[in-house]
Structure formats: C-alpha cells, structure tokens
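The next block holds one structure in the form of structure tokens; read it before the comments.
The values are calculated or read from the model by the stated rules, or taken from the named source; none is laboratory data. For clarity, every value in this text was computed on a predicted model and none was experimentally measured. As a convention, Cβ positions derive from the backbone with ideal geometry for all residues, glycine included, and neighbour counts pool all protein chains shown. To get the accessible areas, we keep the full protein, side chains included, count just its heavy atoms, and leave off ligands, DNA and RNA. Shrake-Rupley method; radii C 1.70, N 1.55, O 1.52, S 1.80 Å.
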Amino acid sequence: MSSADEIDPYAVLNLPRTCTEEDIKSAYRRLSLQYHPDKHYRPEAKAHAEQVYAKVATANTILSDPEQRRLFDELGWTGIRTAWQLGPRLVQREE
C-alpha cells in the first residue's frame, strides 16, 4: 500500500475519532450503497466507484475491529501493517 492510499479511515467514513460502532456501521452502509461498483454503468464512473469502495471497505475493516482500531489510533498505518505476534511475557529473576 503506497502512502497515497494511506488515508485516515475516519476521514474516509467522515467520522470523528470518538465515533461508536453504530456510527461506523451506519457510515459504511451509506457509503457502500452509494459507491458500490454494480450501481455505476459508465466505465469512468465505475472505475472511480471501485476505488472509493475499496477505501471504504478498508476503513470499515480497520475501524470495526476493536484491536485494529486501537492499533491505528496509537500507531497509525505502521501499527496496521506490522504483524504483531504476542506471546507470554518472560519473567525476570528480579520479578
């Protein structure tokens, strides 16, 4: 994913950072209906709709998952792209 594609998911869905899960669902439904590629018949409009629809779907994927949303809020796109493998924490002797 290039830096041009790394748009803030909140901006894509036109939501504040304090939005609820219901706000995310509502915005996703509204935008996915508006930009679904099957609703556009002209080739240039369909191509534009496919691009916007992909961004809306990505934004929804990030914001609807609480863990991914937390990672994005804290670390941005770096947190989303990084494969986090969490395991048991090793205890030091002093602990």
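Could you tell me which of the residues I7, I24 is outside any loop (DSSP other than H, G, I, E, B) and of a type in the set (V, I, T)?
Values: I7 fails: outside any loop (DSSP other than H, G, I, E, B).
When all the criteria are applied, what remains is I24.
Where in the range 27-86 are there helices (runs of 4 or more DSSP H), lying fully within it, with 3 or more residues that are in contact (Cβ under 8 Å) with a residue 12 or more places away in the chain and in contact with a Lys or Arg (Cβ under 9 Å, 6 or more places away or on another chain)?
On the way: elements: 43-64, 66-75, 77-81.
Once the helices (runs of 4 or more DSSP H) in the range 27-86 are filtered for at least 3 residues that are in contact (Cβ under 8 Å) with a residue 12 or more places away in the chain and in contact with a Lys or Arg (Cβ under 9 Å, 6 or more places away or on another chain), what remains is 43-64.
Could you list all residues from the range 1-29 that are open to solvent by 100 Å² or more (accessible area, probe 1.4 Å), modelled with pLDDT of 95 or more and among the basic types (K, R)?
Residue satisfying the conditions is R29 alone.
Does Y53 count as surrounded by 11 or more Cβ atoms within 10 Å (Cβ to Cβ) and among the aromatic types (F, W, Y)?
For Y53, the condition - surrounded by 11 or more Cβ atoms within 10 Å (Cβ to Cβ) and among the aromatic types (F, W, Y) - is met.
Residues that are among the small types (G, A, S), at pLDDT 90 or above and farther than 23 Å from R81 by Cα: does the range 63-70 have at least one?
Of the residues in the range 63-70, the ones among the small types (G, A, S) are 64.
From what is left, the residues that are at pLDDT 90 or above are 64.
Still in the running and farther than 23 Å from R81 by Cα: none.
No; the residues of the range 63-70 include none that is among the small types (G, A, S), at pLDDT 90 or above and farther than 23 Å from R81 by Cα.
Filter the range 33-72 for residues that are out of contact with any Gly (no Cβ under 9 Å at 6 or more places or on another chain), polar (S, T, N, Q) and closer than 17 Å to D8 by Cα and give the result.
Pass one, the range 33-72, residues out of contact with any Gly (no Cβ under 9 Å at 6 or more places or on another chain): 33-67, 69.
Narrowing further to those that are polar (S, T, N, Q): 34, 51, 58, 60-61, 64.
Residues satisfying the conditions are Q51, T58, N60, T61, S64.
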